[in-house]
1. Return the residues of the range 297-328 that are touching a residue at least 60 places away in the same chain (Cβ under 8 Å) and of a type in the set (Ser, Thr, Tyr); say none if nothing qualifies.
2. Go through Val581, Val597 for me and flag whichever is surrounded by fewer than 24 Cβ atoms within 10 Å (Cβ to Cβ) and in a loop (DSSP other than H, G, I, E, B).
3. List pairs: first residue in the range 505-527 and within 28 Å of Ser583 (Cα to Cα), second residue of a type in the set (Lys, Arg) and not in a strand (DSSP E or B) anywhere in the structure, Cβ distance under 9 angstrom, at least six positions apart or on different chains.
4. Need pairs with beta-carbon distance below 7 Å; first residue assigned by TED's automatic domain parsing to the domain that holds Trp479 and within the range 397-423, second β-branched (Val, Ile, Thr) and assigned to a loop (DSSP other than H, G, I, E, B); sequence gap 6+ or separate chains.
5. Please determine, by comparing only the residues of the range 561-575 that are surrounded by fewer than 19 Cβ atoms within 10 Å (Cβ to Cβ) and part of a loop (DSSP other than H, G, I, E, B), which one is nearest to the chain's Cα centre (by Cα).
6. Being within 15 Å of Leu63 (Cα to Cα), modelled with pLDDT of 95 or more and among the small types (Gly, Ala, Ser) narrows it down to one residue among Ser159, Ser121; which is it?
7. Can you tell me how many residues in the range 501-527 are part of a loop (DSSP other than H, G, I, E, B), more than 26 Å from the chain's Cα centre (by Cα) and either more than 21 Å from Glu387 (Cα to Cα) or charged (D, E, K, R) (or both)?
Amino acid sequence: MKAIKFRPINANLIACILALIFILHTQMMAQTSLREAVQHDDFEIREEMVPMRDGVRLYTIILTPKNPAKPLPIIFERTPYDASRIVGDRPTSRLEVTLGNQFMGNDYVYVVQDIRGRFKSEGDFDMFRVPRGTFNKTETDETTDAWDAIDWLVKNVPSNGRVCVWGTSYPGWLTLAAMRNPHPALAAAVPFNPVVDVWKADDWFHWGAFRGSFAFSFIYEMETRTDSFTPYPYEIQDIYTWMLGLGAAGTGLGARLDDRHEMWYRLMESPSYGPYWREVAADRWFDSPPRLVPALHVHGLWDQEDIYGSLAVYAALERHDTANDLNFFVAGPWYHGQHFADGSSLGALNFDENTSKRFRQDVLARFLRRYLHGDAVEPPAPVTVFETGTNSWHSFDRWPPIDEQIRVYLQPDGGLSFTPPTSDVSFTEFVSDPAKPVPYEPRPNWGIEYSNPPSIAAWRRWLVEDQRFVDGRPDVVTWVSEPLSERLTVRGPVTAQLLAETTGTDADWVVKLIDVYPDDDPAFEMSGYQLMVSADIFRGRYREDYDVPKPITPDRVLDYMIPLPHVNHTFQPGHRLMVQVQSSWFPLYDRNPQTFVPSIMSAPGDAYKAQRHRVHHSLKYPSYLKLNMDNTNNLP
């Protein structure tokens, strides 16, 4: 039989074929409209591939109301989450129905753009693309892409020449990137719940403790395929059970990822703070802003994903707002993104009104009309914050509005008091066992799957779960005050000053400030409820230096300063203050082996050991929480 000879394929021919395929694909996409136009539409849809300075084109959707009475401003969102979702899943000819709660009126042009490398945009996707400089040697970043996109919009879309960039979470971070070197047409910005510092207390870490299950879920979904969302098919639906059997994050979760998941490898390489996370941290971009863009920073008091960022970037920009008329802050009683959902309740809590709708009508709408339309309307107050515990809104000139600090001391008898303990030696001890970690929410702990209603509902409410589900565990220690005789209102930051020791060489510390409802509450279902008002975790190896982990000296009392999220809360008469301390919050946060290893990401199985911890509350070693008290209220 005669052998068949194959001719080598010409490389130039391959390149031409690939180019032709790309051109045909682009033409097909242009010819296939996102949605068919109908006679009664009150808006028009336009799809464009907007060129960036390096030639990469970004898919952009433009929704324009028909027959506007005057030139309209542009509301612009840049997103990795599929721009085409702006048209919604409900067939309608009305822009108001299409946009839902993001509809701010028929006098705006609404624009959404896929960032480079996502869905229909060209280029390579780089999650949280670091600004040009040490870690980005290219000519582009999210700031240049935002500039180029705005420049194209004001030149190619009929408008009044004013653009507002807005977005929630990752798009909130992209909003801040646009503000970093703002285009002259950028007239306003609204970062909702933005990712700001992913090491300190946003997506990836909280003060060194790795949010392993969240990071794995998000990275797998986003980087497995860049043209779609790809949820991980969990072998066991209870993530607590699943992750407990995997060991360290790098060797366990990491074994299910590959070279496509670049962010995971960055996390494994950089478990400490360091220069890379500083470059990505958006609040560090505004030491000397070239121009202060009018900004409305929107924060959720129970944001389960990015509870740090809004306040950090507001504070960074507030230093430059000398007239206090360009930098605004709003906080509502919301989970992540609830400002665009129904804000009437969260978990078991009822707020007596739709707080999100009130915010959109009374604050957001006024902000947009003033800075995009130039209407002579009063701007919002510099600070507008919902007060939990009383279900009321309050306005302030700054945040935090008060500086009077009080200390709530842990007492030897398991009590809390506003006076220091007097005992010479006093501590409460417990054993923390990595084999039996404390869950962060009632089990089962499902994966974070937005298409699964029970799963996403549990994820959104976990910060307001009744903490009685762990109260009484031997590895959760508790201090509680007497019932309050008068209301106590606290506003602003909460700091835990923990004097503690361990038999190990590393440890995590979780501190929770809790409002305990009366056992016979007027709302019967809230009787005895333990509402977590503010809580966070701190990895002990970073006690001295966030950049350089160091072993803890065993059996030595050390001082841990643990920042907790800001609050605006009133403890009502008859309620009690409670503080809980524990050393794991699993599976949201990875387990600390409690013996020092260079990187917990690759800790061997024999490093995980039970250790005895002691929290001190004596005259020499007082542990306490530092709160900002509203001076219009008296101490009980």
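The values are calculated or read from the model by the stated rules, or taken from the named source; none is laboratory data. These numbers come from a predicted model, not from an experiment. Here the Cβ positions follow ideal geometry from the backbone for every residue, glycine too, while neighbour counts run over all protein chains shown.
1. Tyr308, Ser310, Tyr314
2. Val597
3. Thr505/Arg541; Asp506/Arg541; Ala507/Arg541; Asp508/Arg591
4. If the second residue must be β-branched (Val, Ile, Thr) and assigned to a loop (DSSP other than H, G, I, E, B), the pairs left are Tyr409/Thr419.
5. Gln572
6. Ser159
7. 7
So that you can scan it fast, the table gives a plain yes or no per residue for (1) farther than 19 Å from Tyr624 by Cα; (2) without any contact (Cβ under 8 Å) to a residue 40 or more places away in the chain; (3) not in a loop (DSSP other than H, G, I, E, B):
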site	(1), (2), (3)
Tyr546	yes, no, no
Pro549	yes, no, no
Arg556	no, no, no
Asp559	no, no, yes
